[in-house]
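The values are calculated or read from the model by the stated rules, or taken from the named source; none is laboratory data. All values reported here derive from a predicted model rather than from experimental measurement. Every residue, glycine as well, gets a Cβ built from its backbone with ideal geometry; the counts of neighbours run over all protein chains shown.
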């Protein structure tokens, strides 16, 4: 049975070992993490047209960038996501019209001169839905310029658009298997000095592979060991994963969803198999 051993876990980063798996299973988990974890992202932006009056002064509702570019930037801002609060619009009781069960509305109202940041997005109705990364620059407004928009976020997956991609830098490698023959090792410490990943340490007069998780399987140790005392192979049942999230979901939430999704897919596949 597949097992997960957590090596490192923070809000936005994770490193873990997939044990008792196969290359196909490891790649399936990677693809689900990249493409199939749903998250909220801004999908509809409505710009105010015409002048904006603030404290008796008239500002022009215009920005240095096209509205389409501003919309694209807003779409890439990580929006807090709670799978227990929100559903896909197609599955919502509102039948896709948009309601608090499937969408979040934000307002953005700024006058220049200033830099507009993601933190200027104000959620309407629930302050807990304010974006966490509030220093993402959106646009620079000049004197007399202003921007007033209403933006709606909805649930989606990266299969539809990259703005719904919750994870980035998802990758894995085989767990390395390194052994050193003490009878052949001459204690020259070439492997410890020249290994780019600093995997080896000297244990007396014999090299020892101590930092296996740092090994990139580059094979430099085999090249530098004149006595051919080092053996390097790959374990195709264990995989070292690394991943990051954009902050809309925590790394733990993302991994938990991906594992449950895979389990549900495998269960359905088994149900659909014809009886032997």
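Going by the conditions given, is residue 258 surrounded by fewer than 16 Cβ atoms within 10 Å (Cβ to Cβ), within 31 Å of the chain's Cα centre (by Cα), under 30 Å from residue 84 (Cα atoms) and in contact (Cβ under 8 Å) with a residue 60 or more places away in the chain?
So residue 258 does not fit the description; no.
From (1) under 20 Å from residue 43 (Cβ atoms); (2) not in a loop (DSSP other than H, G, I, E, B), pick out the condition that doesn't hold for residue 79.
Evaluating residue 79 over (1) under 20 Å from residue 43 (Cβ atoms); (2) not in a loop (DSSP other than H, G, I, E, B) leaves (2) as the failure.
Answer yes or no as to whether residue 74 is at pLDDT 95 or above and in a helix (DSSP H, G or I). Talk me through it step by step, then tell me what you get.
Values: at pLDDT 95 or above: yes; in a helix (DSSP H, G or I): yes.
It is true that residue 74 is at pLDDT 95 or above and in a helix (DSSP H, G or I).
Can you find a residue that is free of Cβ contacts under 8 Å to residues at least 60 places away in the same chain, part of a loop (DSSP other than H, G, I, E, B) and not assigned by TED's automatic domain parsing to the domain that holds residue 23 anywhere in the stretch 143-156? Before you say what the answer is, go through the steps one by one.
Here is the first cut: in the stretch 143-156, the residues free of Cβ contacts under 8 Å to residues at least 60 places away in the same chain are 143.
With the extra rule that they be part of a loop (DSSP other than H, G, I, E, B), the set shrinks to 143.
This time we only want the ones that are not assigned by TED's automatic domain parsing to the domain that holds residue 23, so: 143.
Looking for residues that are free of Cβ contacts under 8 Å to residues at least 60 places away in the same chain, part of a loop (DSSP other than H, G, I, E, B) and not assigned by TED's automatic domain parsing to the domain that holds residue 23, one finds at least one in the stretch 143-156, hence yes.
Filter the stretch 63-79 for residues that are within 19 Å of the chain's Cα centre (by Cα) and buried (at least 21 other Cβ atoms within 10 Å of the Cβ) and give the result.
Answer for the stretch 63-79, where residues must be within 19 Å of the chain's Cα centre (by Cα) and buried (at least 21 other Cβ atoms within 10 Å of the Cβ): 74, 77, 78, 79.
Please note which strands (runs of 3 or more DSSP E) are completely contained in the stretch 1-54 and include at least 3 residues that are within 30 Å of residue 85 (Cβ to Cβ). Working first, answer last.
Details: elements: 3-9, 13-19, 39-47, 52-54.
Once the strands (runs of 3 or more DSSP E) in the stretch 1-54 are filtered for at least 3 residues that are within 30 Å of residue 85 (Cβ to Cβ), what remains is 3-9, 13-19, 39-47.
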